[in-house]
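The values are calculated or read from the model by the stated rules, or taken from the named source; none is laboratory data. These numbers come from a predicted model, not from an experiment. A quick note on method: Cβ atoms are made from the backbone with ideal geometry, for glycine too, and the neighbour counts reach across all protein chains shown. The protein model used for the area step is the full one, side chains on, heavy atoms only, and it has no ligands, DNA or RNA in it. Shrake-Rupley method; radii C 1.70, N 1.55, O 1.52, S 1.80 Å.
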Amino acid sequence: MNEIAIENLSRRRFLQGGAGLTLGFCLPGIAAAAAAAGPGKAGEGLAAPVSFEPNAFLRIGADNSVTVISKHLEMGQGTYTGLATILAEELDADWAQVRVEGAPADAKRYNNLFWGPAQGTGGSTAMANSWEQMRKAGAAGRAMLVAAAAKRWQVPVSEIEVNQGVVRHAASKRSANFGALAEAAAQEAVPTEVVLKKPENFRLIGKQARRKDTLEKTNGKAIFTQDVRLPGMLVAVVAHPPLFGAKVASFDATRAKTVKGVVDVVQIPQGVAVLATDTWSAKKGRDALQVSWDESAAFKLGSDEILARYKEMAKKPGLTARKDGDAVAALGKAATVVKASYDFPFLAHAAMEPMNCVIRLSSDGCEVWNGEQLHTGDQYALANLFGLKPEQVNIHMLYAGGSFGRRACKDSDYVLEAAQIVKAIGGKAPVKLVWLREDDMRAGYYRPLYHHALEAGLDEAGNIIGWQHRLVGQSIITGSPFEKMMVKDGVDATSVEGASNLPYAIPNLTVDLHTLTDIGVPVLWWRSVGSSHTAFSTEAFLDEVAAAAGKDPYELRMSLLKAHPRHAGVLKLAAEKAGWGSPLKAGKAGERRGRGIAVHESFRSVVAQVAEVTVGRDGSLKVDRVICAVDCGTAINPDNIRSQVEGGIGFALSAVLHGEITLKDGKVEQGNFDGYAPLRINEMPAVEVHIVPSAEAPTGIGEPGVPPLAPAVANAIAAATGKYLHRLPLRSTDLVA
Amino acid sequence: MIQLNVNGKLQKLDVAPDTPLLWALRDTLQLTGTKYGCGQALCGACTVHVDGTAMRSCALPVSAVVGKKITTIETVDAGRVGKAVQAAWQKLDVVQCGYCQSGQVMSAVALLTQNRKPTDADIDNAMSGNLCRCATYVRIRAAIHEAAKSLA
Ligand code: FES
Ligand code: FES
C-alpha cells in the first residue's frame, strides 16, 4: 500500500473562497507507485523528491520540477495542458519545468466543482470548473515562494518579482529558482487570500503553450491501460452474451483449457472469462469456449422495429420540456406549415483504445489502473462490490486512448466486469480485462436512437409564428447518479438540450418528449450528448423553413438572434470568413456544390460552422472545407481549441457519412471498423477555426465543435441539390441526381 | 521457440507460431508502443515496419516474419526520416488521445522514406489505413508536409 505523507496541518489554514480551493494532503506514495507502473503523467523527468506541496494541485521538487496534479482525465482533449497552463500562469512558472500527473480518485479534494461531491470529467467542464481553483492554487504557491525568498534575503515581499520560474530581488541582484526555495516555502503559511493576475498580464493563457503529452504520444512511451503489466498479472478476455439481457445458461471450458497459456475460466455475471498469461492466449481460449445462453429475458427488437414504435408515439404529445405561448394555435392559423421528421441511429463511441481495466486486490484494499472518466463513481462501485471503504480503492490515473463519454459509464460496466473476474479468482492475481474491438462495439452504452418530428408555421410575410418540436427516445440519465439533478418532471435534460433552449425569437414554441423505458439497449452520453441530434433537427429544419419563407438561411438566423449576441457573433464571424453570399467556385462537369451554415450552443460555448460540399454525379459527397467560429470565453490555449474543433468536426462527420449501430432481432450487426467506420484521412475536410476574443470565464471546448457540423453539411447539400436530409447517416442513394 | 529480429536485436520467443506479431511485441517483448485497435488490419494502430515496409502487425503471424527486420515505434527515431516525422508531430502538436499515433508515425515514416515529396493524394493513399478516432487528420497531413520540408 501507498504511504500517505503526513503533513503538519497545524501550519496550514484552509484557503476559503468561492471557488473552493482545498489545500490538503498530497499522496506521493500513490504517485510514485503509479509512476512505477506507468502513470498518466506528462512532461519530462521522473517523480521528483517532494519538498513543497502548497495544495492538492501543485508539487514543487527540489530538482526545480513543477508538477501539476490533474483531477481530470486526459483523453485527448488537452486537459492536462489546459489545467497546467492555468496554474503555471499564476505561479509564474517556466512552461518547460511543468509536468502533469493524474490525481487519485478523491471526492473531497478532486471533485468536479459543477457536480457536487463527485470527481469526473465530462460535459466539457474541465476548464470551466477548474478555472478559479487552478488559478488560486498557482497564486498560493507563488505567494509562498515569494514569502520564503523575502525571509531568506531579508527584503520586503513587495520588492520581489517572479518571472518564468525565477524569483528575483532586483535591487540586491539576488535570484533563486523554485527548486532552491521549495523547502523554505513549505514552511510558510498558506495564504488565506491571493491576488490573481489581470488578464493583460497573462504570459501563458491565450498564448501557444505546447501540449505536455505530445512527446510521449509520438514516441510510443505514453502508457495507456492497455499497456499496464503487473507482476503475476493475468489477461482476461470474456465471452459476452449475443443479446442485451441474455445470461449464461451453461458452458464447457474443456477445449478452452487446453489452449497453451490459459490459466483459468470463470463465470461472472457478465459472461464467461478466460484468464491467460497473455492476450492472444486468452483470446484463443475465449474462442474455444462453448457457451449456451439463456435468452428468455433478452431484448429482441431490431432497430427498424424500435424506430417504427417511436414514429407511432410521435403522433401524440409527450411531456412538456418547454412551452412559450400557444404553438398549436399558431400552427392552426399559419399561412404555411412546414413539417419534417428526423431519424438518428444508435452510435458507438468506438474509442481507439477499446475499454479495459486493471485491478489488483490486496489485504487492505484494491488498486485500479485505468483512464477514469467518472473517478469517484467507479471508486464507489468497486468499494461496494468488494465491501471496502471508498478510500481503500486507489485509482492510478492513466491516459485514455479516447473515450468521448464511454469511460464515464454511469453503471461502471467494464470496471465492474474486471472486478467480478478478480473476485471470481479470489483475488489471487492482478487482472487486466481486455475487450477486443468486437466486445467494445457490441457492449451497448450507445448514443440513443432518436426520432424527432418538427412543425413550423409561417404567417403571410414569412415570419415564423409557431414551432413544435417532439422528440422520442431513451433517457440516458434516468437510473444514473445524476437523475435527481437532471431529470425534472420526467424530462431528462440531456434528451432535449439544444432543442428546449432554442435561441431563436419565436413567439409560440413547444418542445415535448416521449421517453421509452422498455428498450433494453444500454445508452450513454456520446460526445455532445443531446446536441448530437438536436443540433441537426433544429438547424436542418430551420433551413427548410427559410426556404419555405424565401429567406436566406444566414439572414433569417441573424434576424431571430437579436437577444443572443454570442450566437449572432459567431454566426457573423463564420459567415464573413466563409464569404457567405459570394458564389462558390464551380465543380467539375456534373458536380453540384453548395454552402451551408449552422450555429449551436452546447456546454455554454457557442459555435457556428459553414460547410462547403461537392456532390458528385453518382451521389457521392465530399465535404471540402469547414469554416468555424467559436466563442468559448477566455481562450486558455488557442491551439488546443483549434485542435478540438478540428477533431470534433471529423468525429461529427463520421456520423454523417457512416456511423450507425443497427440491431436485428436484438443482435448488434456491427463488430469492427468494417461495419462501423470512423472517418478516414481522405474524407477529412480542410478546417479553419476562428476564435472570438473574450474576457469571460472559459467554457467548454471538448464537445461544442461537434453539433453544428452535421446540419451545416446537410444545409450545404440542400443548397447544392435541393434535397433535405431527414436521417443520418447519409445513404449512398440519398443524393443521386 | 521462434527467433525474431526486432529493432536490431535477435530475440527468442516462446509463443505459438500463429501468434500475431502485435501480441508478441506487446505481451512478450514489452514493446507496448505498438497498439491494438481492431485485430483485423482495419485501423493501422499496430503498424510496424517489416523490411522497411509499413505492415499491420495484428494480421501477421510471427511465423511469417522470421528472418525479416522488424522496426517498431520504439526505435524508429534511429533513422533520419523517423526523427523528422517525430519532430514535425511535436512542432504541430498533432496528437490528441495519442492511441493511434504510433501507427500514424510508422505509416508516415514509410511514406516519406519512399516518397520525399508526397502530395495530398499520396498522403491520402498512404495514410487512409490509419484510423484516428480523434480525427487529428488536418495536422497529420500538415506534419507530413512539414517533415518533407525538413528532409528536403
Ligand atoms: S490493430 Fe492492426 S490494423 Fe487495427
Ligand atoms: S489521437 Fe486519438 S485516435 Fe488518434
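Taking the options A:Gly596, A:Gly590, A:Gly569, name whichever one is of a type outside the set (D, E, K, R) and out of contact with any strand residue (DSSP E or B) (no Cβ under 8 Å at 6 or more places or on another chain).
Criteria check complete, one pass: A:Gly590.
Considering each of A:Lys562, A:Lys551 in turn, give the residue that is loosely packed, with under 13 Cβ neighbours inside 10 Å and charged (D, E, K, R).
Values: A:Lys551 fails: loosely packed, with under 13 Cβ neighbours inside 10 Å.
None of the others qualify; the one that does is A:Lys562.
Go through region B:102-135 residue by residue and tally those that are touching a residue at least 24 places away in the same chain (Cβ under 8 Å), away from ligand 1 (no atom under 16 Å from the Cβ) and in a helix (DSSP H, G or I).
4
Working only within region A:664-682, note down all residues that are open to solvent by less than 10 Å² (accessible area, probe 1.4 Å) and away from ligand 1 (no atom under 16 Å from the Cβ).
Scanning region A:664-682 gives a single hit, A:Gly666.
If I filter region A:218-239 down to residues being open to solvent by less than 20 Å² (accessible area, probe 1.4 Å) and without any contact (Cβ under 8 Å) to a residue 40 or more places away in the chain, which single residue comes out as nearest to the other protein chains (Cβ to nearest Cβ)?
Among those residues, the one meeting the criterion is A:Gly220.
What is the number of the single condition among (1) over 17 Å from the mean Cα position of the chain (by Cα); (2) within 30 Å of A:Phe114 (Cβ to Cβ); (3) within 14 Å of another protein chain (Cβ to nearest Cβ); (4) open to solvent by less than 10 Å² (accessible area, probe 1.4 Å) that A:Asn637 does not meet?
(4)
Can you pull out the residues in region B:36-45 that are facing chain A (nearest Cβ under 7 Å) and either crowded, with 24+ Cβ neighbours inside 10 Å or within 14 Å of ligand 2 (Cβ to nearest atom) (or both)? I'd like the intermediate steps shown before the answer.
Applying the first criterion (facing chain A (nearest Cβ under 7 Å)) to region B:36-45 yields B:36-40, B:42-43, B:45.
Once the filter is applied, which keeps residues that are facing chain A (nearest Cβ under 7 Å) and either crowded, with 24+ Cβ neighbours inside 10 Å or within 14 Å of ligand 2 (Cβ to nearest atom) (or both), region B:36-45 yields B:Tyr36, B:Gly37, B:Cys38, B:Leu42, B:Cys43, B:Ala45.
State yes or no: is B:Gly33 touching a residue at least 60 places away in the same chain (Cβ under 8 Å) and more than 12 Å from chain A (Cβ to nearest Cβ)?
Against the criterion (touching a residue at least 60 places away in the same chain (Cβ under 8 Å) and more than 12 Å from chain A (Cβ to nearest Cβ)), B:Gly33 does not qualify.
Tally the residues that are within 13 Å of chain A (Cβ to nearest Cβ) and free of Cβ contacts under 8 Å to residues at least 12 places away in the same chain, restricting the search to region B:46-76.
0
Scan region B:15-30 for residues that are assigned to a loop (DSSP other than H, G, I, E, B) and either near ligand 1 (Cβ under 7 Å from one of its atoms) or buried (at least 22 other Cβ atoms within 10 Å of the Cβ) (or both) and jot them down.
B:Val15, B:Thr19
What about A:Glu417, is it modelled with pLDDT of 95 or more, away from ligand 1 (no atom under 16 Å from the Cβ) and either in the same structural domain as A:Pro241 (by TED's automatic domain parsing) or not in a helix (DSSP H, G or I) (or both)? Show your work before the answer.
Values: modelled with pLDDT of 95 or more: yes; away from ligand 1 (no atom under 16 Å from the Cβ): yes; either in the same structural domain as A:Pro241 (by TED's automatic domain parsing) or not in a helix (DSSP H, G or I) (or both): yes.
So A:Glu417 fits the description; yes.
Which residues, taken from region A:185-199, are of a type in the set (A, V, I, L, M, F, W, C) and either touching a Cys at 6+ places or on another chain (Cβ under 6 Å) or open to solvent by 30 Å² or more (accessible area, probe 1.4 Å) (or both)?
Of everything in region A:185-199, those that are of a type in the set (A, V, I, L, M, F, W, C) and either touching a Cys at 6+ places or on another chain (Cβ under 6 Å) or open to solvent by 30 Å² or more (accessible area, probe 1.4 Å) (or both) turn out to be A:Ala189, A:Val194, A:Val195, A:Leu196.
Conditions: (1) over 28 Å from A:Asp492 (Cα atoms); (2) surrounded by fewer than 23 Cβ atoms within 10 Å (Cβ to Cβ). A:Tyr399 meets all but one. Number of the miss?
Unmet for A:Tyr399, out of (1) over 28 Å from A:Asp492 (Cα atoms); (2) surrounded by fewer than 23 Cβ atoms within 10 Å (Cβ to Cβ): (2).
Out of everything in region A:73-102 that is among the small types (Gly, Ala, Ser) and crowded, with 24+ Cβ neighbours inside 10 Å, what residue ends up being farthest from the chain's Cα centre (by Cα)?
The qualifying residue farthest from the chain's Cα centre (by Cα) is A:Ala93.
Just to confirm my filter: which strands (runs of 3 or more DSSP E) fall fully inside region A:272-384 and include at least 1 residues that are of a type in the set (Ser, Thr, Tyr)?
Of the strands (runs of 3 or more DSSP E) lying wholly inside region A:272-384, those with at least 1 residues that are of a type in the set (Ser, Thr, Tyr) span A:290-294, A:319-324, A:336-344, A:356-362.
Are any residues in region A:467-518 within 19 Å of the chain's Cα centre (by Cα) and assigned to a loop (DSSP other than H, G, I, E, B), and if so, which ones?
Across region A:467-518, the qualifying residues are A:Ser475, A:Ile476, A:Ile477, A:Ser480, A:Pro481, A:Phe482, A:Glu497, A:Gly498.
Hey, does region A:241-250 have a residue that's away from every other protein chain (no Cβ under 14 Å) and either part of a helix (DSSP H, G or I) or of a type in the set (Asp, Glu) (or both)?
Start the filter on region A:241-250 by keeping residues that are away from every other protein chain (no Cβ under 14 Å), which leaves A:241-250.
In the following step, the residues that additionally are either part of a helix (DSSP H, G or I) or of a type in the set (Asp, Glu) (or both) were identified as none.
No: region A:241-250 contains no residue that is away from every other protein chain (no Cβ under 14 Å) and either part of a helix (DSSP H, G or I) or of a type in the set (Asp, Glu) (or both).
For region A:606-629, which residues satisfy the criterion of being out of contact with any helix residue (DSSP H, G or I) (no Cβ under 9 Å at 6 or more places or on another chain) and either part of a strand (DSSP E or B) or crowded, with 24+ Cβ neighbours inside 10 Å (or both)?
Within region A:606-629, just A:Asp624 meets the criteria.
Considering only residues of region B:46-76 that are of a type in the set (Ser, Thr, Tyr) and away from ligand 1 (no atom under 14 Å from the Cβ), which is surrounded by the most Cβ atoms within 10 Å (Cβ to Cβ)? Outline the logic, then answer.
Taking region B:46-76 first, the residues of a type in the set (Ser, Thr, Tyr) are B:47, B:53, B:57, B:63, B:71-72, B:75.
After this cut, where a residue has to be away from ligand 1 (no atom under 14 Å from the Cβ) as well, the list is B:53, B:63, B:71, B:75.
Values: B:Thr53: 11, B:Ser63: 13, B:Thr71: 23, B:Thr75: 19.
Within region B:46-76, the match that is surrounded by the most Cβ atoms within 10 Å (Cβ to Cβ) is B:Thr71.
Restricting attention to region B:69-101, report how many residues are part of a loop (DSSP other than H, G, I, E, B) and either of a type in the set (Val, Ile, Thr) or within 16 Å of ligand 2 (Cβ to nearest atom) (or both).
Looking only at that region, the number is 10.
Filter region B:77-86 down to residues that are more than 7 Å from every other protein chain (Cβ to nearest Cβ) and open to solvent by 10 Å² or more (accessible area, probe 1.4 Å) and give me whichever is nearest to B:Gln114 (Cα to Cα).
Across region B:77-86, the extreme among qualifying residues is B:Val81.
Could you tell me whether A:Asp439 is of a type in the set (Asp, Glu) and either more than 16 Å from ligand 1 (Cβ to nearest atom) or surrounded by fewer than 22 Cβ atoms within 10 Å (Cβ to Cβ) (or both)? It would help to see each step written out before you state the result.
Numbers: of a type in the set (Asp, Glu): yes; either more than 16 Å from ligand 1 (Cβ to nearest atom) or surrounded by fewer than 22 Cβ atoms within 10 Å (Cβ to Cβ) (or both): no.
When the stated conditions are applied, A:Asp439 does not pass them.
I need the full set of residues from region B:92-119 which are of a type in the set (D, E, K, R) and facing chain A (nearest Cβ under 9 Å), in order please.
B:Asp93
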